[in-house]
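Below is one structure, written out as structure tokens; the observations come after it.
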Amino acid sequence: YEIIKNREILEEQFDRIVRGMAYPYGTYSDEVVRVLRDCGILYARTTRATRDFSMPTEWLTLHPTCHHNDPTLPELTKKFLETTIHSDQHPWMFYLWGHAYEFEQKDNWNVIEDFTDKMAGKDDIWYCTNMELYLAWRDYMALESSADGTMIYNPTVRSVWICDGKGNTYEIKPG
């Protein structure tokens with residue numbers, strides 16, 4: 001009831017469909033995941049840091065890379081920016097989470113400023129919302145390829161962009 005009621009309130013307030021959330025205090029259970037799925041929620045962020053850049057395997061337990069106050073943030077940022085993705089790897093994501101009030105409480109605005117200074121304005125990074133990421137990943141996973149790998153079919157309604165690991169990017173148009 002609470003999930004549906006909160007969706008209704010948010011959808012009315014913001015005039016858009018709400019299909020994602022963050023777990024209060026990062027806590028969840030298998031039962032909560034089942035309820036979210038039944039309520040039409042597509043993704044839900046936890047607070048468990050992976051400290052890596054892998055895409056989620058279960059979107060209702062979306063684990064971020066790290067919190068903005070994680071002591072490994074500078075090291076992770078450097079690794080993310082300096083590592084070349086090879087053609088046999090899935091896309092990477094750097095998922096940083098936190099709350100604006102924490103910057104005031106901890107007087108550490110410099111942490112997010114340093115991070116954004118390093119990450120901003122990169123042509124090879126896509127900056128997106130949680131829902132955009134979810135939809136892009138769903139579309140990416142729907143791609144079909146020929147046995148010899150020379151053809152790719154996109155059964156979705158949106159273009160999917162892929163990189164071959166050699167610096168070449170390709171748009172795979174719908175159909």
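Could you say whether any residue in the range 144-155 is touching a residue at least 24 places away in the same chain (Cβ under 8 Å) and not in a strand (DSSP E or B)? For the range 144-155, residues touching a residue at least 24 places away in the same chain (Cβ under 8 Å) and not in a strand (DSSP E or B): absent.
The residues of the range 41-91 that are of a type in the set (S, T, Y) and farther than 26 Å from E102 by Cβ, listed by number, are T57, T83, T84, S87.
Pick from T57, T129, T61, T72: which is β-branched (V, I, T), free of Cβ contacts under 8 Å to residues at least 40 places away in the same chain and touching a Cys at 6+ places or on another chain (Cβ under 8 Å)?
On the way: T57 fails: touching a Cys at 6+ places or on another chain (Cβ under 8 Å); T129 fails: touching a Cys at 6+ places or on another chain (Cβ under 8 Å); T61 fails: touching a Cys at 6+ places or on another chain (Cβ under 8 Å).
It is T72.
Within the range 37-50, residues that are within 10 Å of H63 (Cα to Cα) and touching a residue at least 40 places away in the same chain (Cβ under 8 Å) have Cβ atoms under 9 Å from residues that are open to solvent by 50 Å² or more (accessible area, probe 1.4 Å) and β-branched (V, I, T) in these pairs: T47/T27, counting only partners at least 6 apart in sequence or on another chain.
The values are calculated or read from the model by the stated rules, or taken from the named source; none is laboratory data. Since this is a predicted model, take the numbers as computed values, not measurements. Backbone-built Cβ (ideal geometry, glycine too); neighbour counts: all protein chains shown. Please note that ligands, DNA and RNA were not included when accessible areas were found on the heavy atoms of the full protein model with its side chains. Shrake-Rupley method; radii C 1.70, N 1.55, O 1.52, S 1.80 Å.
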